[in-house]
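Everything below concerns the one structure shown next.
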Amino acid sequence: MAPRASQVARESPRFKAEAKALGLRVRQLRLARKWTLEGAAEAANLDLKHFQKVEAGKLNVTLVTLVRLAQGFGEPVGSLFRKPRRPK
């Protein structure tokens, strides 16, 4: 049986790069607020493990999760896709 298109896409270099960039941006927003992982997950109304996977770039994030993250950070959804700055 051939893999589904979504499975193939998740293994692509582009998907992995985008997921990592989103995770870095989420981490950047969290650290800028001096929030713990627990505090950020609570602010976004997400399970801690789910939040950790987003930040690690290990998750295929849904629109619902993107909206919850943006609300938690008090940011527009589009800000989650700005190129993350490298941490110092």
- [ ] For region 58-78, name all the residues that are touching a residue at least 12 places away in the same chain (Cβ under 8 Å) and not β-branched (Val, Ile, Thr).
- [x] LYS58, LEU59, ASN60, LEU66, ARG68, LEU69, GLN71, GLY72, PHE73, GLU75
Open item on the list: With the requirement that a residue be β-branched (Val, Ile, Thr) and within 14 Å of the chain's Cα centre (by Cα), what does region 1-52 give you?
Closed with: VAL26
Open item on the list: Just the residues that are charged (D, E, K, R) and over 16 Å from ALA32 (Cβ atoms), please, taken from region 42-80.
Closed with: GLU42, ASP47, LYS49, LYS53, LYS58, ARG68
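Matching residues to (1) loosely packed, with under 15 Cβ neighbours inside 10 Å; (2) of a type outside the set (A, V, I, L, M); (3) at pLDDT below 95; (4) touching an Asp or Glu at 6+ places or on another chain (Cβ under 8 Å):
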site	(1), (2), (3), (4)
ALA41	no, no, no, yes
VAL54	no, no, no, no
PHE81	yes, yes, yes, no
ARG85	yes, yes, yes, no
- [ ] Report, by residue number, each residue of region 1-31 that is under 15 Å from LYS58 (Cα atoms), surrounded by 14 or more Cβ atoms within 10 Å (Cβ to Cβ), of a type in the set (A, V, I, L, M) and touching a helix residue (DSSP H, G or I) at 6+ places or on another chain (Cβ under 7 Å).
- [x] LEU22, VAL26
- [ ] May I ask you to list the residues in region 43-57 that are more than 15 Å from ARG25 (Cβ to Cβ) and touching a residue at least 24 places away in the same chain (Cβ under 8 Å)?
- [x] ALA43, ASN45, LEU46
Task: Residue in region 60-71 that is among the basic types (Lys, Arg) and at pLDDT 95 or above present - done: yes
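The values are calculated or read from the model by the stated rules, or taken from the named source; none is laboratory data. Remember, it's a predicted structure, so these values are computed and weren't measured experimentally. No Cβ is skipped: glycine too gets one built from the backbone with ideal geometry, and neighbour counts run over all protein chains shown.
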